[in-house]
Amino acid sequence: MKIYRANILHTPTPGQLEIIEHGYVAVKSNGRVKGVYKELPQNMDWRRQVMDFGDKLLIPAFNDMHVHAPQYRNMGLALDLELLPWLNTYTFPEETKYADPEYARRLYRRFVHELWMQGTMRAAVFGTIHPESTRILADLFVQAGMGAYVGLVGMNRNSPETLQNTTAELMDGMRMLKAHLDEHGNNGLVRPIITPRFVPSCSDKMLTALGNYAAETGLPVQSHLSENRSEIDWVKELEPEATCYGDAYNKYGLFGQTPTLMAHCCYTDGEEMELMKKNGVYVVHCPMSNSNLSSGMAPIRKFLNEGIHVALGTDVSAGHHMSMLRVMQYAIQVSKLNYAQTKGEMPFLTLSEVFYLATKGGGSFFGKVGSFEPDYEFDALLIDDSYLNYDHYTLPQRLERYLYLGDDRDIKRRFCRGVELVEPTY
Ligand code: GUN
Ligand code: FE
């Protein structure tokens, strides 16, 4: 058992920020929370073990549920086009370089290191079509002690010849990645995820094979959905049988038949929204990306009202920063623009709601992750906000100021599944 004392803040539900001033959290040796306490139980054995973090803040670590590792080098560049020309002009050429495992290792190290730095202890990550480079990426997460779903990307149409795999190559690569991580994935902390890039990149044959593989293995799925108007029109042409973009995944068993993440959903409504709700598909909201690529404003309030799962993602490099703090700020700001645009029809997101989305909203995809409720895996950040706390601020105000004004330098300790993670040195 380990016991930490600090100001504890978490969101068991979206609307409810729970605060325990100078409270205690007890973590079992299996890395799971035993409980959170205002007063320490009268147990001498426990009292001896308290690690006192003084007046600092202890919050659940962040979960980035949509990010492209091979776009790391392009971060903060090339945001002057919409999605489809952006992919062709900037993104595909960069991803092609990951055919070289040494290039991959050099850049993926920086990528995983920066996730650690930003306090993102778990992520759902796109690699590329290259099996060896993608295995290297997965191994870097294992070495760092962080959690990840790592995707070998399927794409066999409408992209450069040099950035396409065949269905057979993709399936071989997936099997190898799964076998590797079944053995070396740090007890399930790093796992594979089925990753068709998006419908325009994948033939019917590839989608069929991936759907069968999901049914066979139960592995989760991640992809992109209804991000951009031209993309949606294109999918209608490519898949005339599908009743909506989401149905083009659903037909193949890639839409909630196993746990599924769909990034963006800017234009999801009506039938597509119903299908997501019915199948328990997660929306991964990427407001920084949607602003940068002029994609649109996802109706997050509607998704939440419908009881659809929502998580947040940076979508680097369409998103220009790895910090989930920034994603939370964008989520609130975009929701306020949407509120104005809909003349108040869609109430904007609150701070407590986006904090929930960045922690438990995404964490729930990994299991009991993202809050300090009993039996949750202890993923946490210790925050020193003393430079922001120079007058009498309340704890909710301190959290608000950290989320708006803080950055990675304020994170003093990071925990994933109960283990404190030191800076990766590879
Ligand atoms: N749709 C298909 N590929 C991508 C990608 O790499 N980034 C984004 N934002 N959307 C995509
Ligand atoms: Fe993306």
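The values are calculated or read from the model by the stated rules, or taken from the named source; none is laboratory data. Note that the structure is predicted; figures quoted are calculated from it, not measured. Glycine gets a Cβ as well: all are built from the backbone with ideal geometry, and neighbour counts include every protein chain shown. Ligands, DNA and RNA are excluded from the accessible area calculation, which covers all protein heavy atoms including side chains. Shrake-Rupley method; radii C 1.70, N 1.55, O 1.52, S 1.80 Å.
Somewhere in the range 387-403, is a residue part of a loop (DSSP other than H, G, I, E, B), closer than 18 Å to residue 352 by Cβ and of a type in the set (Asp, Glu)? No, the conditions are met nowhere in the range 387-403.
Report whether or not residue 337 is aliphatic (A, V, I, L, M), outside any loop (DSSP other than H, G, I, E, B), at pLDDT 95 or above and out of contact with any strand residue (DSSP E or B) (no Cβ under 9 Å at 6 or more places or on another chain). Answer is yes for this residue. Out of all the residues in the range 139-162, is one or more in contact with a Ser or Thr (Cβ under 9 Å, 6 or more places away or on another chain), free of Cβ contacts under 8 Å to residues at least 60 places away in the same chain and among the polar types (S, T, N, Q)? Checked the range 139-162: at least one residue is in contact with a Ser or Thr (Cβ under 9 Å, 6 or more places away or on another chain), free of Cβ contacts under 8 Å to residues at least 60 places away in the same chain and among the polar types (S, T, N, Q). In the range 196-214, the residues that are farther than 14 Å from residue 129 by Cβ reach residues that are among the acidic types (Asp, Glu) and in a helix (DSSP H, G or I) with C-beta atoms within less than 8 angstrom, at least six apart or across chains, in these pairs: 200/231. Residue check: residue 365 meets all listed conditions (1) touching a helix residue (DSSP H, G or I) at 6+ places or on another chain (Cβ under 9 Å); (2) open to solvent by less than 30 Å² (accessible area, probe 1.4 Å) but one, namely (1). Whether a residue is open to solvent by 30 Å² or more (accessible area, probe 1.4 Å), of a type in the set (Lys, Arg), closer than 26 Å to residue 122 by Cα and outside any strand (DSSP E or B) was assessed, and residue 175 passes this test. Has the range 346-369 got at least one residue that is away from ligand 2 (no atom under 16 Å from the Cβ), of a type outside the set (A, V, I, L, M, F, W, C) and without any contact (Cβ under 8 Å) to a residue 12 or more places away in the chain? Yes, the range 346-369 has at least one match. Taking the criterion of being within 15 Å of ligand 1 (Cβ to nearest atom) and within 22 Å of residue 124 (Cβ to Cβ), the residues of the range 211-234 that qualify are 221, 222, 223, 224, 225, 226, 227, 228, 231. Residues of the range 250-298 that are touching a residue at least 40 places away in the same chain (Cβ under 8 Å), away from ligand 1 (no atom under 13 Å from the Cβ) and part of a helix (DSSP H, G or I): 272 alone. Residue 222 satisfies every condition listed in (1) among the polar types (S, T, N, Q); (2) open to solvent by less than 10 Å² (accessible area, probe 1.4 Å); (3) farther than 19 Å from residue 156 by Cβ except (3). Among the candidates 112, 150, the residue that is β-branched (Val, Ile, Thr) and in a strand (DSSP E or B) is uniquely 150. Of all residues in the range 15-52, those being among the hydroxyl-bearing types (Ser, Thr, Tyr) and farther than 24 Å from residue 394 by Cβ number 1. Of all residues in the range 307-334, those satisfying the criterion of being in a loop (DSSP other than H, G, I, E, B), in contact (Cβ under 8 Å) with a residue 60 or more places away in the chain and either open to solvent by 10 Å² or more (accessible area, probe 1.4 Å) or hydroxyl-bearing (Ser, Thr, Tyr) (or both) are 314, 317, 320, 321, 323. Would the range 40-50 turn up any residue that is open to solvent by less than 50 Å² (accessible area, probe 1.4 Å), in contact (Cβ under 8 Å) with a residue 60 or more places away in the chain and of a type outside the set (Asp, Glu)? No.
Count of the range 370-414 residues, restricted to those that are among the β-branched types (Val, Ile, Thr) and either in contact (Cβ under 8 Å) with a residue 40 or more places away in the chain or under 30 Å from residue 222 (Cα atoms) (or both), is 2. Within the range 77-129, being among the polar types (S, T, N, Q), within 16 Å of ligand 1 (Cβ to nearest atom) and surrounded by 24 or more Cβ atoms within 10 Å (Cβ to Cβ) holds for one residue alone: 128. Applying the criterion of being acidic (Asp, Glu) and over 26 Å from the mean Cα position of the chain (by Cα) to the residues of the range 18-68, the residue that is farthest from ligand 2 (Cβ to nearest atom) is 45. Cβ separations smaller than 9 Å between residues 6+ apart or across chains give the following pairs from the range 221-236 residues that are in contact (Cβ under 8 Å) with a residue 24 or more places away in the chain and in a helix (DSSP H, G or I) to residues that are within 12 Å of ligand 2 (Cβ to nearest atom) and of a type in the set (Gly, Ala, Ser): 229/295; 231/295.
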